[in-house]
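A.B. asks: Take this structure first; my questions come after.
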Amino acid sequence: MARIAGVNLPVQKHVWVGLQSIYGIGRTRSKLVCESAGVTPATKIRDLTEAQVEKLRAEIGKFVVEGDLRREVGMSIK
């Protein structure tokens, strides 16, 4: 099971689809993250090695996602 940005990714899905379950990651950013991490987007999440998961974590760490993004949006609304 891959856990990135505090989210458990669904293991039966392709990487580029599974990354979209992280708040702040959409189609375009998901494919960009896969490309820059050197991971084939069509790979299933259950088939990822720990090294590939670490590369994905590092790439996603460059963006504001999940709790920080939710907080930022909430403060903007208030």
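A.B. asks: So what are the ³J(HN,Hα) numbers for segment 11-21, from phi and the Karplus equation (6.51, -1.76, 1.60; θ = phi - 60°), rounded to whole Hz, Gly and Pro as x?
C.D. replies: 6, 8, 9, 5, 4, 5, 7, x, 5, 6, 6
A.B. asks: May I pose another question? For Lys13, project a label point 7 Å along Cα to C-beta. Then give me every residue of segment 32-54 with its amide nitrogen under 20 Å of that point.
C.D. replies: 32-50, 52-54
A.B. asks: For the chain, find the longest principal axis of its Cα atoms and tell me its angle to the long axis of helix 50-60, 0 to 90°, nearest 10.
C.D. replies: Value to nearest ten degrees: 30.
A.B. asks: Would you mind counting up the charge near Gly38? Only other residues with Cβ under 12 Å from its Cβ, with Lys and Arg at +1 and Asp and Glu at -1.
C.D. replies: Cβ neighbours under 12 Å give a net charge of -2.
A.B. asks: Of Val73, Gln12, Thr43, whose Cα points farthest to the positive end of the dipole of the chain (charges on the beta-carbon: +1 Lys, Arg; -1 Asp, Glu; origin at the Cα centre)?
C.D. replies: Comparing the listed Cα positions along the dipole, Val73 ranks first.
A.B. asks: Regarding the chain, what is the average projected area of its C-alpha convex hull, in nm²?
C.D. replies: 4.8 nm²
A.B. asks: Further, regarding this structure: So, in the chain, how many Lys pairs have Cα atoms under 18 Å apart, if the pair is 8 or more places apart or on different chains?
C.D. replies: Total qualifying Lys-Lys pairs in the chain comes to 6.
A.B. asks: Working from Cα positions, state the angle (0 to 90°, nearest 10) between the long axis of helix 27-37 and the longest principal axis of the chain.
C.D. replies: Here the helix axis deviates by roughly 50 degrees.
Where a number appears in this text, it was derived from the coordinates with a stated rule and is not lab data. Only a predicted model underlies this, so the values are computations on that prediction, with no experimental measurement involved. Cβ sites come from the backbone with ideal geometry, for glycine too, and all protein chains shown count toward neighbours.
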